[in-house]
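The structure under discussion appears below in the form of structure tokens.
What follows draws every value from the coordinates through simple rules; no lab data is involved. Bear in mind the structure is a predicted one, so any value in this text is a computation, not a measurement. Because the Cβ atoms are built from the backbone with ideal geometry, glycine has one as well, and the counts that use them run over all protein chains shown.
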Amino acid sequence: MDADEQDIYNYLKAWPKQFISSREIGRRAGGKRRFREDPFWANQILLRMVEKGILENDAAGYYRLKPDAKAGQSRRWVSPQIKQMLEESGKEFDGVFEVDPPDEPDEK
């Protein structure tokens with residue numbers, strides 16, 4: 001990654017799940033002076049980053065960092081001891097647990 005791509009990447013890292021317009025990225029990532037000299041400096045860099053697979057864009061021309069595929073699927077046990085106890089019980093715990101909402105206290 002070159003310096004411009006790194007600036008854009010660092011700016012978008014602060015907003016990981018939100019799409020941001022190219023104009024806003026150009027304004028914030030490059031600084032005031034660079035934006036005043038050329039307001040569209042980031043457009044070609046953003047397209048290049050989409051081609052590389054670093055960013056994704058939507059139909060409106062907004063960009064965000066491409067979410068990591070492993071981030072949403074990572075699961076860990078709270079502790080190895082709890083895992084061992086649950087495995088020894090012989091029950092299956094692969095499904096989704098639904099928690100009932102707490103009962104509301106009786107009004108007096």
Item to check | Modelled FRET efficiency - R0 41 Å, S89 with D68, Cβ distances, 0.05 increments | outcome: 0.75
Next on the checklist: Which lysines, if any, have their Cα less than 29 Å from the Cα of K66, not counting same-chain residues under 8 positions apart?
Outcome noted: K13, K17, K32, K52
Checklist outcome for this item: Going fewest to most other Cβ atoms within 10 Å around each Cβ, L86, L46 line up as L86, L46
